[in-house]
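What follows is calculated from the coordinates using simple rules that are stated; it is not laboratory data. Quantities reported herein were computed from a predicted structural model and do not represent experimental measurements. Positions of Cβ are generated from backbone atoms using ideal geometry, with glycine treated the same way; all protein chains shown enter the neighbour counts.
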C-alpha cells in the first residue's frame, strides 16, 4: 500500500472517533441536566452521586473529542491558515466592538 491509502485509512479511523465522542458528549449534557434537576427537586443523594460519576465520563469524552479533532487538522498549512484566520477574526471583532461603543 502506498502512503495515500494509508493516510486515508488513518483519517477514516480518526474521523470515526471524532464523530463518536462529540455525539456522546452532546447526549451526556442532557443526561447531566436531568440528574441535576432531579437532585435539586428531591435532594436525594443518589442523583448527585450519579451526576458526579457521569461528569467524569463527560469530561473524558469531551477531552477525547477535542484531541481527535485537533489531530485531524495538524498539517502545517492548515495550522498556519487557522492562526491567520483566527487572528483576522479576533482583530475585526475587537474593532467592531470598539466602534459600537
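Sorted ascending by nearby beta carbons within 10 Å, beginning with the fewest, 54, 30 become 30, 54.
I need 7, 61 ordered by Cβ neighbour count within 10 Å, fewest first.
Values: 7 10, 61 20.
Listing 7, 61 from fewest to most nearby Cβ atoms yields 7, 61.
For segment 3-73, the relative contact order is 48 percent, taking Cα pairs closer than 8 Å that sit 6 or more residues apart in sequence and dividing their mean separation by the residue count.
The radius of gyration of the Cα set in segment 3-73, together with its Dmax, comes out at 16.7, 58 angstrom.
Give me 18, 46 ranked fewest to most by other Cβ atoms within 10 Å of their Cβ, as a rough exposure proxy.
Fewest-to-most ranking of 18, 46: 46, 18.
Hey, for a label at residue 52 modelled as a point 7 Å past Cα toward Cβ, could you say which residues of segment 28-46 have their backbone N under 16 Å away? Backbone N within reach: 35-36, 39-40, 43-46.
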